[in-house]
Number of protein chains: 2
Amino acid sequence: MKVSAIANSNIALVKYWGKRDKEFMLPFNGSISMTVNDMFTHTTVEFDKKYTEDILIVNGKGLKPGEEDYDEYVGAFMKVVRQLTGNQTKIKIVSKNNYPTAAGLASSASGFAALSLAVSKAFGMPLNEKALSILARRGSGSASRSISAGFVEWHRGEKKDGSDSFAEQIAPPEHWPEFRMIAVITSKKEKKVKSRAGMAQTVATCPFYPKWVETVPIDLDAIRKGIKEKNFTLVGTTAEHNCLKMHATMIATRPAIIYWNPATMEVIHSIMDWRDEGLESYFTIDAGPQVKVLCMEKDSKELAKRLGALKGVDEIIVTRPGPGARFTDEHLF
Amino acid sequence: MKVSAIANSNIALVKYWGKRDKEFMLPFNGSISMTVNDMFTHTTVEFDKKYTEDILIVNGKGLKPGEEDYDEYVGAFMKVVRQLTGNQTKIKIVSKNNYPTAAGLASSASGFAALSLAVSKAFGMPLNEKALSILARRGSGSASRSISAGFVEWHRGEKKDGSDSFAEQIAPPEHWPEFRMIAVITSKKEKKVKSRAGMAQTVATCPFYPKWVETVPIDLDAIRKGIKEKNFTLVGTTAEHNCLKMHATMIATRPAIIYWNPATMEVIHSIMDWRDEGLESYFTIDAGPQVKVLCMEKDSKELAKRLGALKGVDEIIVTRPGPGARFTDEHLF
């Protein structure tokens with residue numbers, strides 16, 4: 001039996017940084033994101049007794065049980081799936097991104113969202129959006145937000161078992177079709193410090209971390225209001241500040257985590273300068289050197305042109321609010 | 001009557017960021033610096049009844065009473081001097097730096113230290129090192145540290161009138177002659193946000209600022225110990241963390257203050273990479289894009305060569321612990 005699913009990446013407007021529970025992947029704070037239209041993971045799962053162990057192929061590269069990159073991510077996730085279903089059948093997973101992997105473009109978000117949808121069917125476990133979001137969260141926190149379309153909020157939750165820590169839609173893509181995100185790729189190298197290790201280091205050693213947790217709810221309220229009222233200035237200024245506040249916690253971590261590269265700085269300062277001149281856009285940056293520029297449709301062409309001409313910029317992807325995770329008939333093998 | 005004085009710049013190993021009192025220039029936290037050997041300000045003061053208003057020439061550029069750049073800095077300082085001495089005689093000040101001004105190389109530190117020494121004599125007010133440090137502080141906080149030679153601590157103090165907020169020597173230059181600082185100039189443009197405005201903005205809006213104030217004493221203890229024991233690793237790791245923690249408070253300020261440019265990032269990441277390979281050095285950065293690299297004499301040649309070859313690096317100045325403020329017979333006019 002073969003099942004294929006596609007899930008799109010999402011870009012956080014209020015960031016997730018830090019787990020209060022590593023087993024259940026429960027965050028210290030809620031977050032809000034936009035599921036994007038043009039960056040996705042396509043995953044095919046084959047559920048067959050002929051396999052004696054799980055097989056995983058990500059972007060053409062095989063990963064096996066026993067290898068750290070397998071065990072800590074897909075391996076741990078499949079353990080959860082088998083606990084839930086009681087089914088020990090081995091599977092083959094083939095997954096492919098249409099954008100660079102592990103460089104701060106939320107590849108684990110789209111990856112685990114697509115995998116969650118595919119395995120839920122393969123293991124005969126039909127789940128609604130909320131339950132899928134909770135399952136995806138067990139693979140990667142931010143994956144919980146890639147199940148839904150458009151603008152999405154992942155609730156922190158209070159319960160120990162994580163049953164109230166799920167994502168749900170704030171507004172569908174049609175609510176704000178003029179919203180644009182321009183992903184500015186400044187490096188295709190895999191990042192040195194993975195998000196998971198980075199956030200654990202920050203929680204453990206950054207003196208500012210408790211204040212981050214304390215102030216995120218203010219940003220969540222502002223972004224939720226901004227999305228509902230389509231107030232771009234409110235969404236942009238809040239998202240930019242929230243991103244800088246998160247990077248400040250990383251920078252003040254010991255040892256320091258600095259995801260920015262020279263081109264990241266070039267883009268940041270250009271955005272600020274252009275804004276001073278009246279071209280309104282804001283930036284947000286995840287755990288990597290890429291910059292995601294937020295703007296309205298009317299300015300996206302001019303911004304894409306200018307951003308593409310900056311020193312150190314490799315590639316530009318212009319995208320908009322996009323669909324949630326869904327099945328597809330196109331199988332990868 | 002003409003008096004000339006020279007004072008050297010200093011580079012903070014534990015930074016000063018934020019005032020608890022703007023009139024008396026009292027800091028929220030203590031700081032530790034090294035007075036450097038090769039970057040200084042030379043100032044000549046002429047005290048003469050022929051002047052009907054103060055004349056100031058900094059690096060060949062005239063500034064007059066009524067201009068913001070005069071009134072808020074030298075103008076405010078001269079008001080303090082006249083209150084203390086009761087002498088209203090006007091003066092001519094000619095000041096020159098042997099390094100780029102106002103781009104995060106502590107030009108106000110060496111400038112106000114040299115001016116304090118020169119005016120103390122011109123106004124017939126002989127002051128000891130502690131009193132000079134207190135006077136220099138009224139011009140610019142960090143100037144209090146440029147009065148003394150070598151490694152210097154500026155005590156926060158507790159009193160309202162600032163009489164216990166002064167700098168004093170921890171160790172003379174001879175204590176650690178192998179210590180080197182390499183100033184890496186990445187931009188000679190004057191910075192957009194001056195330190196004074198930047199720190200006021202951070203104190204007012206950064207949610208992390210109180211934690212900065214709370215944690216600085218830990219860094220002060222470590223650096224003081226490191227200097228006394230000549231433990232370079234302890235001094236370097238603490239100074240680098242302290243600098244990043246300060247920049248984190250700037251980055252999380254609203255509106256954000258980002259002093260780093262692309263070359264700053266190039267230097268930061270290179271230092272970290274070279275350190276991983278065994279070449280031990282650390283960086284510190286003030287309110288500007290320049291990077292100051294800390295190392296031992298044995299590695300300074302290799303580091304200067306590598307740093308000079310990095311993209312975006314304009315100039316390299318290698319220096320060591322240097323002398324305090326002193327008089328000179330060479331007048332500027």
### Query
With (1) in contact with a helix residue (DSSP H, G or I) (Cβ under 6 Å, 6 or more places away or on another chain); (2) over 20 Å from B:Gln169 (Cβ atoms); (3) in a loop (DSSP other than H, G, I, E, B) as the list, and B:Glu53 as the residue in question, which single condition is left unmet?
(1)
### Query
In the range A:146-158, is there at least one residue being under 21 Å from the mean Cα position of the chain (by Cα), closer than 22 Å to A:Arg20 by Cα and among the acidic types (Asp, Glu)?
yes
### Task
Please specify each residue of the range B:311-333 satisfying the condition of being hydrophobic (A, V, I, L, M, F, W, C) and either more than 14 Å from chain A (Cβ to nearest Cβ) or free of Cβ contacts under 8 Å to residues at least 60 places away in the same chain (or both).
B:Ile316, B:Ile317, B:Val318, B:Ala325, B:Phe327, B:Leu332, B:Phe333
### Summary
A:Arg306 passes all but one of the listed conditions (1) more than 14 Å from every other protein chain (Cβ to nearest Cβ); (2) part of a helix (DSSP H, G or I); (3) in contact (Cβ under 8 Å) with a residue 40 or more places away in the chain; (4) open to solvent by 10 Å² or more (accessible area, probe 1.4 Å); the exception is number (3)
### Query
So which of A:Glu168, A:Glu67, A:Glu158 ends up being surrounded by fewer than 21 Cβ atoms within 10 Å (Cβ to Cβ) and in contact (Cβ under 8 Å) with a residue 24 or more places away in the chain?
A:Glu168
### Query
If you check A:Met199 against the conditions, is it more than 27 Å from A:Lys301 (Cβ to Cβ), within 14 Å of another protein chain (Cβ to nearest Cβ) and not basic (Lys, Arg)?
no
### Query
Which residue, of A:Cys206, A:Cys243, is within 14 Å of chain B (Cβ to nearest Cβ) and under 21 Å from A:Ser108 (Cβ atoms)?
A:Cys243
### Query
Taking the range B:19-38 as the region of interest, how many residues are surrounded by fewer than 24 Cβ atoms within 10 Å (Cβ to Cβ) and in a loop (DSSP other than H, G, I, E, B)?
6
### Task
Kindly provide the set of residues from the range A:264-286 that are of a type in the set (A, V, I, L, M) and open to solvent by 10 Å² or more (accessible area, probe 1.4 Å), ordered by number.
A:Met272, A:Leu279
### Summary
Per the list (1) of a type outside the set (Asp, Glu); (2) open to solvent by less than 10 Å² (accessible area, probe 1.4 Å); (3) under 21 Å from the mean Cα position of the chain (by Cα), residue check on B:Phe208 breaks on (3)
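Across the range B:272-283, what is the number of residues that are among the hydroxyl-bearing types (Ser, Thr, Tyr) and part of a helix (DSSP H, G or I)? Show your work before the answer.
Initial filter on the range B:272-283 (among the hydroxyl-bearing types (Ser, Thr, Tyr)): B:281-282.
If we keep only those that are part of a helix (DSSP H, G or I) as well, we get none.
Qualifying residue count, the range B:272-283: 0.
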### Task
Output the number of residues of the range A:28-56 satisfying the condition of being of a type outside the set (Phe, Trp, Tyr) and over 30 Å from A:Trp212 (Cα atoms).
15
### Message
Condition first: over 24 Å from the mean Cα position of the chain (by Cα) and either assigned by TED's automatic domain parsing to the domain that holds B:Asn59 or surrounded by fewer than 17 Cβ atoms within 10 Å (Cβ to Cβ) (or both). Now tell me which residues in the range B:309-333 satisfy that.
### Response
B:Ala309, B:Lys311, B:Asp329, B:Phe333
## Note on the structure
Considering residues that are more than 18 Å from the chain's Cα centre (by Cα), facing chain A (nearest Cβ under 8 Å) and part of a helix (DSSP H, G or I), the number found within the range B:246-271 is 10
### Query
Which of the following residues is in the same structural domain as A:Gln290 (by TED's automatic domain parsing), under 15 Å from A:Ile11 (Cα atoms) and open to solvent by less than 30 Å² (accessible area, probe 1.4 Å): A:Thr215, A:Thr253, A:Thr238?
A:Thr238
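Considering only residues that are among the aliphatic types (A, V, I, L, M), more than 18 Å from A:Ser195 (Cβ to Cβ) and surrounded by 19 or more Cβ atoms within 10 Å (Cβ to Cβ), which ones fall in the range A:39-62?
A:Val45, A:Leu56
The values are calculated or read from the model by the stated rules, or taken from the named source; none is laboratory data. Because the structure is predicted, anything quoted here is derived from the model rather than measured. Please note: Cβ atoms are built from the backbone with ideal geometry, for glycine as well, and neighbour counts cover all protein chains shown. Remember, those area values only see protein heavy atoms, side chains included, never the ligands or the DNA or RNA. Shrake-Rupley method; radii C 1.70, N 1.55, O 1.52, S 1.80 Å.
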